[in-house]
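The values are calculated or read from the model by the stated rules, or taken from the named source; none is laboratory data. Just so it is clear, the structure is predicted and the values come from calculations on it, not from any experiment. Surface accessibility is based on the protein's heavy atoms, side chains included, excluding ligands, DNA and RNA. Shrake-Rupley method; radii C 1.70, N 1.55, O 1.52, S 1.80 Å.
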Amino acid sequence: MSSSLPGHRDLPASQYDLKTYYGRVQHAIGITDPSTLFAGKSGLENAKQLVTDYKTGKIQDMNKDLWKAKKIVDSTLHPDTGEPVFLPFRMSCFVLSNLIVTAGMLQPGLSTAGVVGWQIANQSLNVAVNSANANKSSPMTTETLAKSYAVAVTASCSVALGLNAMVPRLKVSVSTRNILQRLVPFAAVATAGALNAYLMRRGEIVSGIDIRPVLSEEERKKLEAEGKSERDAPILGRSQKAAKIAVYETAASRVFNNSPIMIIPALALYHIEKKQAWYRELMQKEWVKSRPVVAKSIPIGINLGLITVTAFAALPLALAVFPQQQEISAESLEPEFHGKGGADGKVWFNRGL
């Protein structure tokens, strides 16, 4: 992110008030904006240069171009390492990457092998996204990564196969059973998504994550005068309690993100199929009925469209529930941090996405 670039002046954290949920939603819309994916290497370098010019004093005030450059930098670079996150695993590509897996899981009449295969693909993507966007002050070992991946895949496949076997046996109406069958893939995704986030980052809970004091305006100006930025403030140590907050909140945000995607498109598609005359007329047309592939593709296409719209709307809403750069009272952490807080007795840490 911008804080990792050269210069002693810190850019404003956002155009919006990150202390409010609405402000964080507006900020998250920028981080998840797919248009930033088209910046390319040259666009990123230009954005980094603009941000560096501000941080080194060559540009004095924020302007439209600088805000755009900051959005590209913030959506591309990892806040801990300053290195670009691999494009498919960025939050700005999260919905697009997941649509490929979603399309696979929506195929009708999947065999057991198909269900397992697509759940493995989904969890592989989740592992990559969680690992790429995690707090990097406590990196996972390859062994821990492999174990966490195996548990997440096992959990998602167990939920998907178990629900697929259970739903047909339920003593409910045909319409209710049809709705439940549509929810099975996403129930597996929601359950395993939260578990995946926890498993991939539980190493942080063991070793803790870096804690820094929140600086007052006077302290920031003093650092600037010394040619330093807020990131140069001393690390107070590693906190396991802060790590728990970071990991649990990230896992919860995955549930918040998956829940509307799991429910809204399935119910909307069921309503379209049962209540909308235009859909029934379309499916009764001779050219559709004579082409089984087309007949199967139409509801899948509509469902995928509904999922796309819901996913783009849900992601910033879910990411904004908890602040990414989290401030907390030092007194609420381990005794070693008591009395060491900065402004208002607070410290901060990067929660990760």
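Data for the structure
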{"item": "Relative pair counts by distance (%), Cα atoms of region 19-65, 10 Å bins", "result": "23, 38, 37, 3"}
{"item": "Taking all pairs of distinct alpha-carbon atoms in region 300-345, Kirkwood radius in angstrom", "result": "13.9 Å"}
{"item": "Amide H within-cut-off set for GLN324, under 5 Å, with H built and near neighbours excluded", "result": "none"}
{"item": "Rg over Rh [alpha-carbon atoms, Kirkwood Rh] for region 197-353", "result": "1.28"}
{"item": "Where the chain is the region considered: accessible area per residue in Å², 1.4 Å probe", "result": "49 Å²"}
{"item": "Cα convex hull of the chain - mean projected area over all directions, nm²", "result": "21.0 nm²"}
{"item": "Radius, Kirkwood style, for region 52-201 when every pair of distinct Cα atoms is counted (Å)", "result": "17.8 Å"}
